[in-house]
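**Student:** One structure, as structure tokens, below. Some questions next.
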Amino acid sequence: MEILNFDEHLKFDEDTVLVLGYFDGLHRGHQALFAEAKKIAAVLNLKIAVLTFPEKPTLTFEKFNPEMLLKLTSDKKRAELFAKNGVDYLVFKDFTSTFAKLTSEEFSEKIVKRFNPKVVVTGFDYTTGSDMKKLSSTADYKVVLVPEVSDNDVKISSTRIREAIRVGNIAKANELLGYAYETTGLVVHGFARGRQIGYPTANLVIKDYIRIPAAGVYTVDVLIQGERHRGFASIGYNKTFNVKEKTIEVHIFDLNLDIYGEQLTVFWLDKIREMVKFDGMESLIKQMKSDEAIARNYQNERGF
């Protein structure tokens, strides 16, 4: 897959199937668009191009708050998902005020046609231009609208997934995504208190603008040095030791490696429990043994 920036020089000579959208998380609803695009591309012998944006379009319209920068995937993971879904050309365009003022007709003439599309694929509710119109077929290209993909009769959307992650319902988030929600971070030194009670943890610093699940203890899989291991992770404030800063700590089962400075990817599989304050070491260790048993016995039936 080739990653490009949209500028005045961008113009495709070969015919394409063009897919339009922001695609935060590339969830099952989004994947339906790419499944349709791949069918069309196979029949017509076309390459698949995507026009998307590096940041949410709402940044151009609404008062800024830092949460607007948070995404469901890192930029690296997002690119991997596009490639996995068959994209040949991934094109990013900044969603500027000037761009936002284009009408749907101007969007078609000045933007879409630069991709030389024979077919344009969008979601059923996708609108374009300052006049918020659905894209229509022209003499140059046909527009294919992909129907809604639902779960329990409710549309699968990035908004639903963000809310599931916010409240810690990671199993539902994964079900809607179609893959395990993940976070990649740098392993740094912490207080080493887990080691003192037989549960050494990798303390993670997250550098991406990624949504972190709600505070709690979770069953996780961990990718480290190319191998995937089971473990459990805690998110939140370490109330037991009266430490105020938020922590992400991961205990990896049956792994005895010095991994400081390594990049570690956590696949969040299911929530075990809320964070609680313990009245002593004995009750804490007893609970952690219970957490370990739950995490070890967790059956990843969906293969995430």
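**Student:** Considering only residues that are more than 15 Å from Asn116 (Cα to Cα) and touching a strand residue (DSSP E or B) at 6+ places or on another chain (Cβ under 9 Å), which ones fall in the stretch 41-60?
**Tutor:** Thr52, Phe53, Pro54, Glu55, Lys56
**Student:** If you don't mind, there's one more thing I want to ask. Can you tell me which residue in the stretch 109-123 is farthest from Gly21 (Cα to Cα), limited to those that are open to solvent by less than 10 Å² (accessible area, probe 1.4 Å) and assigned to a helix (DSSP H, G or I)?
**Tutor:** Looking at residues that are open to solvent by less than 10 Å² (accessible area, probe 1.4 Å) and assigned to a helix (DSSP H, G or I), I get Phe115.
Condition check ((1) in contact with a Ser or Thr (Cβ under 8 Å, 6 or more places away or on another chain); (2) more than 24 Å from Ile224 (Cα to Cα); (3) hydrophobic (A, V, I, L, M, F, W, C); (4) at pLDDT 95 or above) across all residues:
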| position | (1), (2), (3), (4) |
| --- | --- |
| Arg160 | no, yes, no, yes |
| Ile165 | no, no, yes, yes |
| Ile170 | no, no, yes, yes |
| Phe191 | no, no, yes, no |
| Gln196 | no, no, no, no |
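**Student:** Can you pull out every residue in the stretch 56-78 that is in contact with a Ser or Thr (Cβ under 7 Å, 6 or more places away or on another chain) and either open to solvent by 90 Å² or more (accessible area, probe 1.4 Å) or in contact (Cβ under 8 Å) with a residue 60 or more places away in the chain (or both)?
**Tutor:** Correct list: Leu72, Ser74.
**Student:** Now for a different question. Which pairs have Cβ atoms under 6 Å, sit 6 or more apart or on different chains, and link a residue in the stretch 102-113 that is free of Cβ contacts under 8 Å to residues at least 40 places away in the same chain to one that is surrounded by 15 or more Cβ atoms within 10 Å (Cβ to Cβ)?
**Tutor:** Pairs found: Leu102/Gly129; Thr103/Gly129; Ser104/Thr128; Ser104/Gly129; Phe107/Thr128; Phe107/Gly129.
**Student:** Within the stretch 52-59, does at least one residue satisfy the condition of being closer than 22 Å to Thr159 by Cα and of a type in the set (Ser, Thr, Tyr)?
**Tutor:** Yes: the stretch 52-59 contains one or more residues that are closer than 22 Å to Thr159 by Cα and of a type in the set (Ser, Thr, Tyr).
**Student:** So the check is Cβ under 9 Å with 6+ separation or different chains; which pairs have a first residue in the stretch 79-98 that's on the phi > 0 side of the Ramachandran plot and a second one that's basic (Lys, Arg)?
**Tutor:** Gly86/Lys38
**Student:** Being open to solvent by 20 Å² or more (accessible area, probe 1.4 Å), within 15 Å of Glu36 (Cβ to Cβ), touching a residue at least 60 places away in the same chain (Cβ under 8 Å) and in a strand (DSSP E or B) is the filter here, so list the residues in the stretch 124-172 that pass it.
**Tutor:** Residue satisfying the conditions is Val144 alone.
**Student:** Moving on to the next point. Determine, yes or no, whether Leu44 is in contact (Cβ under 8 Å) with a residue 40 or more places away in the chain and either open to solvent by less than 10 Å² (accessible area, probe 1.4 Å) or touching a helix residue (DSSP H, G or I) at 6+ places or on another chain (Cβ under 9 Å) (or both). Let's see the steps before the verdict.
**Tutor:** Details: in contact (Cβ under 8 Å) with a residue 40 or more places away in the chain: yes; either open to solvent by less than 10 Å² (accessible area, probe 1.4 Å) or touching a helix residue (DSSP H, G or I) at 6+ places or on another chain (Cβ under 9 Å) (or both): no.
Answer is no for this residue.
**Student:** Is it the case, given these coordinates, that Gly178 is open to solvent by less than 40 Å² (accessible area, probe 1.4 Å), in contact with a Pro (Cβ under 8 Å, 6 or more places away or on another chain) and touching a residue at least 40 places away in the same chain (Cβ under 8 Å)?
**Tutor:** No; evaluated as a whole, the condition is false for this residue.
**Student:** Still on this structure, please answer the following. Do the conditions hold for Ile212, that is, is it at pLDDT below 95 and of a type in the set (A, V, I, L, M)? Before the answer, list the steps.
**Tutor:** On the way: at pLDDT below 95: yes; of a type in the set (A, V, I, L, M): yes.
Yes: the conditions hold for Ile212.
The values are calculated or read from the model by the stated rules, or taken from the named source; none is laboratory data. What you are looking at is a predicted structure, and each value in this text was computed from that prediction instead of being measured. Note that each Cβ is placed from the backbone with ideal geometry, even for glycine, and that neighbours are counted across all protein chains shown. Remember, those area values only see protein heavy atoms, side chains included, never the ligands or the DNA or RNA. Shrake-Rupley method; radii C 1.70, N 1.55, O 1.52, S 1.80 Å.
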